[in-house]
1. Farther than 12 Å from B:A134 by Cα, within 14 Å of another protein chain (Cβ to nearest Cβ), among the hydroxyl-bearing types (S, T, Y) and touching a residue at least 12 places away in the same chain (Cβ under 8 Å), is that true of B:T65?
2. Which of the residues that make up the range A:160-184 are open to solvent by less than 50 Å² (accessible area, probe 1.4 Å), within 7 Å of ligand 2 (Cβ to nearest atom) and not in a loop (DSSP other than H, G, I, E, B)?
3. Quick one: how many residues across the range A:136-159 are near ligand 2 (Cβ under 7 Å from one of its atoms) and open to solvent by 70 Å² or more (accessible area, probe 1.4 Å)?
4. Looking at B:L66, B:L55, which one is at pLDDT 90 or above and in contact with a Cys (Cβ under 9 Å, 6 or more places away or on another chain)?
5. Look through A:A19, A:A26 and report the one residue that is assigned to a loop (DSSP other than H, G, I, E, B) and either more than 10 Å from every other protein chain (Cβ to nearest Cβ) or in contact with a His (Cβ under 9 Å, 6 or more places away or on another chain) (or both).
6. Do we have A:C94 as away from every other protein chain (no Cβ under 14 Å) and touching a helix residue (DSSP H, G or I) at 6+ places or on another chain (Cβ under 7 Å) here?
7. Looking at A:Q107, A:Q61, can you tell me which residue is out of contact with any helix residue (DSSP H, G or I) (no Cβ under 7 Å at 6 or more places or on another chain), at pLDDT 95 or above and within 14 Å of another protein chain (Cβ to nearest Cβ)?
8. Please go through the range A:14-49 and pick out each residue that is surrounded by fewer than 21 Cβ atoms within 10 Å (Cβ to Cβ), of a type outside the set (D, E) and over 17 Å from the mean Cα position of the chain (by Cα).
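The values are calculated or read from the model by the stated rules, or taken from the named source; none is laboratory data. It should be emphasised that the depicted structure is a prediction, and the values quoted were computed from it without experimental measurement. Note that we place each Cβ from the backbone using ideal geometry, even for glycine, and neighbour counts take in every protein chain shown. Heads up: the accessible areas ignore ligands, DNA and RNA and are worked out on the full protein's heavy atoms, side chains in. Shrake-Rupley method; radii C 1.70, N 1.55, O 1.52, S 1.80 Å.
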Amino acid sequence: MIIAERKPVAEILAMVKDAKKILVLACRGCVSVCSAGGEREAEILASLIRIGLKKEGKEAQVSCDSLVRQCDKEFIDSIDQFKGTYDAIVSTACGVGVNFIANLRPQDTVYPALNTSFMGGSAEQGIWSEQCAGCGDCILHLTGGLCPVVRCAKSLMNGPCGGSVNGRCEIHADVECIWQAIHDRMIRIGQSEGLDRIAPIRDWSTTSHGGPRKIVREDLTI
Amino acid sequence: MDSPPGGFNFTESEMSFTPNIQAFCCHYTSQQSLAEGAESLKADGMPENVTLNRLVCGGKLKEITLLKAFEEGADAVFFVGCPVDACHNKKGSERAAKRVLAVQKSLQELGLGAERAEMFHCARGFHLEFVEAAQLMHKRISALGPAFDGGSK
Ligand code: SF4
Ligand code: SF4
């Protein structure tokens, strides 16, 4: 899922400094699961904004609500129900949600409450780690299911590099060398012959360096 | 203004402001204190401007509850829960400490100061530490001043 964390409150307060009616809009998708921008976090943020405004001696109406998701047109359309209750939306969705509101609500002002961080998961409560960069050409079948694109500091296709020491990455002792883990795992699952393969120079055109990417599914479009 | 509770000596500026302090405590930490009643607590030195809010367990403490207290005029909040290794409900007190930590971080970000929220651990039943926690917060916030300009006087 998409992992995000709340921006410092002072940064959010600066965004809404001229707003008189603020709607803090939660997303019940990924950011709810990672406890960054669900209903509970939006309620907390609304309260923090009210406290911040009170401290600055300012007055504004701060309300709070949620959408099922903010990355689908049909849910963005349901913002109509809040008409008249806001002059600025503070979205606690990921960057996709904020973009969708900006795309689909030409007259609305929308601000991001979160820093959208990465695609990852939580193996331990309160700790999330990056697992996939959405490179558009997945090679996990060649690497024992472990991603060298995002989990190797150098995105090496033929690792490890010379800096790998005792299974740790040379960038920091806290970081595991994913190539060591790939080797260990492929041997363990009986795919060690895959380690003899020299990966060719990779075509990175499927990644995000060439502008925004798009998927069109003719079988689904209407 | 009433004489300061707890036998503390205050400077003149500290005396000019009586902070609104909201104390939250778990059922077990507060039971004896509440059984004693307000008058007995006062006699023990409980500052009168500290309001007790009782929860069934520290694990029930929500960040929003502490923040709402500030919205409603509190100058500080604190939670008194069981000692970490002796929580009646195992982890309630630890969880409460985490909620307080989150509120401290937010208060710092808002420029109000993390010291306006505090976590105390106190054994079950009545102990003077319970009153001392309130006195400490009273003294600290009296010196710090109101959370908001023109705040509770
Ligand atoms: S190879 Fe690409 S798509 Fe596959 S997990 Fe890594 S970044 Fe994601
Ligand atoms: S030590 Fe391992 S993870 Fe780190 S850069 Fe080298 S190959 Fe990649």
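1. Working: farther than 12 Å from B:A134 by Cα: yes; within 14 Å of another protein chain (Cβ to nearest Cβ): yes; among the hydroxyl-bearing types (S, T, Y): yes; touching a residue at least 12 places away in the same chain (Cβ under 8 Å): yes.
Against the criterion (farther than 12 Å from B:A134 by Cα, within 14 Å of another protein chain (Cβ to nearest Cβ), among the hydroxyl-bearing types (S, T, Y) and touching a residue at least 12 places away in the same chain (Cβ under 8 Å)), B:T65 qualifies.
2. If the condition is that a residue be open to solvent by less than 50 Å² (accessible area, probe 1.4 Å), within 7 Å of ligand 2 (Cβ to nearest atom) and not in a loop (DSSP other than H, G, I, E, B), then A:I178, A:W179 are the ones that fit.
3. 1
4. On the way: B:L66 fails: in contact with a Cys (Cβ under 9 Å, 6 or more places away or on another chain).
Going through B:L66, B:L55 in turn, the sole match is B:L55.
5. Answer to the selection: A:A19.
6. Details: away from every other protein chain (no Cβ under 14 Å): yes; touching a helix residue (DSSP H, G or I) at 6+ places or on another chain (Cβ under 7 Å): yes.
Yes, satisfied.
7. Numbers: A:Q107 fails: within 14 Å of another protein chain (Cβ to nearest Cβ).
A:Q61 is the lone residue from the list that is out of contact with any helix residue (DSSP H, G or I) (no Cβ under 7 Å at 6 or more places or on another chain), at pLDDT 95 or above and within 14 Å of another protein chain (Cβ to nearest Cβ).
8. Hits for the range A:14-49 are A:A14, A:M15, A:K17, A:K20, A:K21, A:R40.
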